[in-house]
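**Q** Okay, here's the structure, questions in a sec.
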Amino acid sequence: MSILDNEEKKQQIKKTLSVYAVITLFCGFFSWMYEQFSHGVVSDYMIYLFLFPLVGGVLVFAVLGVIQRWPMPSRFSQNAYHAGIATWTVGSALQGALEIYGTTSGYILVYWIAGAVLAAAGIISYCIMVKRGYRKRTFVKRSI
């Protein structure tokens, strides 16, 4: 990996970390605010809502930024992984809201399964990319 690739990777990691940090803060504030108006009824899914973007986003991409020899994930890998984390976060918020209201729904299981499938697709795609020895491709525009 060249110096230019390292700089580009650092910029992408910083951007991703900052987005996940903002999402983590928002989820923490949202769950705190929701708890304030829940009349003393609490839900672990709502209290720990911030953990999905913190652990799945900030921690994972911080490790990726520290280990320089690991390449940046492809666009597909990132999109699938981010969608999985987002699905788990929304599922946790919905499960927490339903628990606070004292009701249940069988559809919540779909969020956990879909999040797992999406996150796994991103991780597996990244592992395949690393195993094949991913090299950044540059495209040259040719004039005829």
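A short reminder: the numbers here are calculations on the coordinates, not readings from a lab. Since the model is a prediction, treat every value here as computed from it, not as a measurement.
**Q** For the chain, take the alpha-carbon Rg, divide it by the Kirkwood Rh, and send me Rg/Rh.
**A** 1.10
**Q** Eigenvalues of the Cα gyration tensor times 5, then square-rooted: what semi-axes does that give for region 63-109, in whole angstrom, largest first? If you can, show how the numbers build up before the last one.
**A** Working: eigenvalues 230, 26, 7 Å².
So the three semi-axes of region 63-109 are 34, 11, 6 Å.
**Q** Sticking with this one: Averaging sequence separations of C-alpha pairs under 8 Å and six or more residues apart, then dividing by the length of the chain, give the relative contact order as a whole percent.
**A** 25 percent
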